[in-house]
Structures are given as structure tokens and as C-alpha cells.
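Notes for the one structure printed next.
The values are calculated or read from the model by the stated rules, or taken from the named source; none is laboratory data. Please read all numbers here as calculations on a predicted model, not as lab measurements. Positions of Cβ are generated from backbone atoms using ideal geometry, with glycine treated the same way; all protein chains shown enter the neighbour counts.
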């Protein structure tokens, strides 16, 4: 093997193995997600139909069948979200997709996400508390912010070791803040930066996962001009803090122009604002008019 390596031509460029591995992993995940998503969607539709039929005729549905349907619903939903995460490997890059903004109440969104997360993890029911003094409304991409909140809450449930989880939503004049706090295993200081990268994980293998959840959350915050950070120590839990602008920022030049001169659409231009060609045409029309007014010889 050593002799074979010595015979390699030095002119062959070196390949960045880490980057190539990440790219191959990304391509594989996207392809696998596309292939898995279709049968999963079909199974979810069939499951929903079966659940509706059982709800219409509960007397004809055994208790064990209803319990199995609930399990199937949770597991298929989990698989569907996993497919979505795999597809987000490319979509999460802010340079690939600008947020489709709309008015969103972050408090209502977070409460809905908590309900969805608890539906997938019934053991977490009652362990999550959401604190908010009132509505926090901003202009955000709802699916992106939902995905960001879901992954932060799911992360707290997974690594919180069954201890209480507190979520806080508040706003200042220009920014919204989401805080997700758990009291679980915590994150070592040397791992706190890399956990937001693709395919990076700082937990034992027994937890599984692809290392994409925090990457997707981080990308969603960045796409909105916001930021996300973690404060943690091993054995003392973790606090994830997200800051989001309540409204998108206008470019400085555009903002200045908008303040300096209001739109004149629909108003007639003053003579001084007419282009030179219009002035020449107007002078020519005046000349023809005066000639027509002269008496003929």
C-alpha cells in the first residue's frame, strides 16, 4: 500500500476529504429524503383516513387498535419531520432562499410548537412551561421560525433528562427574544460553537440523530438577520437564546431615499422635470401652432 501511494503522480491535486465527505453525505441525504418522503406521505394519508373511520365508529374499534393508531401517528410524524430535516440540508442556507415574510405572533407559534413536540414525546407533557407577557408580533417566515423553535424545544426534551423545561418569549422595541432553558446534561465549552454546524453532534452515540437540528435553527435565525447562542456547562443544563428583528431592515440608501423624497407617481411633472427630448417636441408643436395662426398671404 505504501509503494502504491509513493507511485502517485504529485501533479494530481489533493482532495479536501472532509469537504468531499460532507458534500457526499448531503447529496445522499437529499436523495434519500426524496425517496422516503413519498411513501411516508401516502402512509400518513391512509393513517388519517383510518383514524377518522375509527372515530366515527368507536364502538366497532377495539381499544388496542386505537392505541396502535396513535403510535403509528407519532412515529410516522417523526419520520416525516426527519425527511424534512434531510431536505433542509440545502434549503437552510440563507443564500439559497430568502424568507417569505408575514405577520407572526411568536408567542402563539411557540405554544403550538410545544403542543406538537409533546404529541411526539408524551413523556414531556407537563414538563414544559411557556412564559410571555403578551403578544410578540414580527415579520418572519412562519415555516422557518416554526422549524427553528421545534428543534430547540426538541433538543431540550431530548437532552433535558426529564427535568423541567422553561421557555420565555419577550420583545424589546426592535427585537424579539426566545429563550429555551433545560436542566439536563449540558454542553462542554469546547463543543458550544461546533454544535451549530452541519452533521455535528456533541453527545454519545446512544442518542442517535443526524446533527442537523441546531444547524437548521441557526440558519433560520441568520436568514432573518438574527442570532442564536448557547450558554451551558456540563451537568448544569443549557440555555439557547435567539434574537430576531421584529421587522426586516431596509437598505440604508433605500431608507434615506424614501424619507427624502415621497413618490410622485400619478402626478404631472413640472416643466423643469421634463427631459430634453420632450422640451424639443413641445417647442416644435408651439412653432407649428403659431404658423397656423398667421394669416395666409
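Considering the conditions (1) over 23 Å from residue 219 (Cα atoms); (2) in contact with a helix residue (DSSP H, G or I) (Cβ under 7 Å, 6 or more places away or on another chain); (3) at pLDDT 85 or above, residue 133 is excluded by exactly one of them, (2). Considering 131, 116, 220, 176, the condition of being part of a helix (DSSP H, G or I) and under 16 Å from residue 241 (Cβ atoms) is satisfied by 220 alone.
Let me confirm something: among 65, 70, 119, 32, which residue is more than 25 Å from residue 222 (Cα to Cα), in the same structural domain as residue 226 (by TED's automatic domain parsing) and either modelled with pLDDT under 70 or surrounded by 11 or more Cβ atoms within 10 Å (Cβ to Cβ) (or both)? Answer to the selection: 119. Taking the stretch 159-185 as the range and being modelled with pLDDT of 90 or more, surrounded by fewer than 16 Cβ atoms within 10 Å (Cβ to Cβ) and in contact with a helix residue (DSSP H, G or I) (Cβ under 8 Å, 6 or more places away or on another chain) as the test, no residue passes.
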